[in-house]
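Here's the structure, in structure tokens; my notes come after.
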Amino acid sequence: MADDRIRILIADDHELFRRGLRMVLEDEDDIEVLGEAGDGQAAVELAREHAPDVVVMDVRMPALSGIEAARRIKEEEPGTKILVLTISDEEDDLYEAIKAGANGYLLKEISIDEIGNAVRSVHGGQSLISPSMASKLLDEFAAMIKKDEEKEQVPAPRLTPREMEVLQHVAQGMNNREIAKALFISENTVKNHVRNILEKLHLHSRMEAVVYAVREKLLEIK
């Protein structure tokens, strides 16, 4: 049914790319494209107007960068997922996007056939990163861990044993349904735990929770 479709916005300063992306996504039965924005400011205004499920957005745009636009959208519409789709393979852009609340960071080298599934995954609560960017993120994690080890250790906020279990599963990329099944609890209970974890740790997204889990050595990177 149309009401069940994933409602998305597309934000990119290249009109031909926007139109091509729109054509591809409108062919998906379960996705509805609400509109397009050619700059970050327009993306924020459209998100404010439509409260979309997902915003597919470039990083570098005029008027307002995609990163700042993502930050503002997440502040105003915390339920909206942000999928960054960009040519930028700069580590700084990746990390700043995560800090701004992005739920995924994919390079435009991705196959056009994979875009629909990427939107579905992010909408479903998963975190996506292009494979070529994953190693850069892990390098950033390693640098953060080393930097933290050189500082005086500050006690981490206290999480309950169950919250620790949920955080570890989040850090492994599991969505709420998968976590609920693994821990034999309801999805609503998982959602409550995730919300409490983010509040206690002063984080804004599941992606930031992954960063925290690695920094605190709750997740072993192999």
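The values are calculated or read from the model by the stated rules, or taken from the named source; none is laboratory data. Quantities reported herein were computed from a predicted structural model and do not represent experimental measurements. Here the Cβ is made from the backbone with ideal geometry for all residues, glycine too, and neighbour counts use every protein chain on show. For the accessible areas, the whole protein counts, side chains as well, though only heavy atoms, and no ligand, DNA or RNA atoms are used. Shrake-Rupley method; radii C 1.70, N 1.55, O 1.52, S 1.80 Å.
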- Could you pull out the residue among Val59, Val24 that is touching a residue at least 24 places away in the same chain (Cβ under 8 Å) and over 20 Å from the mean Cα position of the chain (by Cα)? Val24
- Only one of these conditions is not met by Lys81: (1) surrounded by fewer than 24 Cβ atoms within 10 Å (Cβ to Cβ); (2) of a type in the set (Lys, Arg); (3) touching a helix residue (DSSP H, G or I) at 6+ places or on another chain (Cβ under 7 Å); (4) closer than 18 Å to Gln126 by Cβ. Which number is it? (1)
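Is the range 28-39 home to any residue that is part of a helix (DSSP H, G or I), on the phi < 0 side of the Ramachandran plot and open to solvent by 10 Å² or more (accessible area, probe 1.4 Å)?
no
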- Note on the structure: Filtering the range 44-56 for residues that are over 14 Å from Asp13 (Cβ atoms) and either within 14 Å of the chain's Cα centre (by Cα) or acidic (Asp, Glu) (or both) leaves a count of 5
- Can you confirm whether the range 94-109 contains a residue that is buried (at least 20 other Cβ atoms within 10 Å of the Cβ) and either touching a Pro at 6+ places or on another chain (Cβ under 6 Å) or of a type in the set (Lys, Arg) (or both)? no
- Query: Regarding Leu46, is this residue more than 24 Å from Lys99 (Cα to Cα) and not in a strand (DSSP E or B)?
  - Reply: no
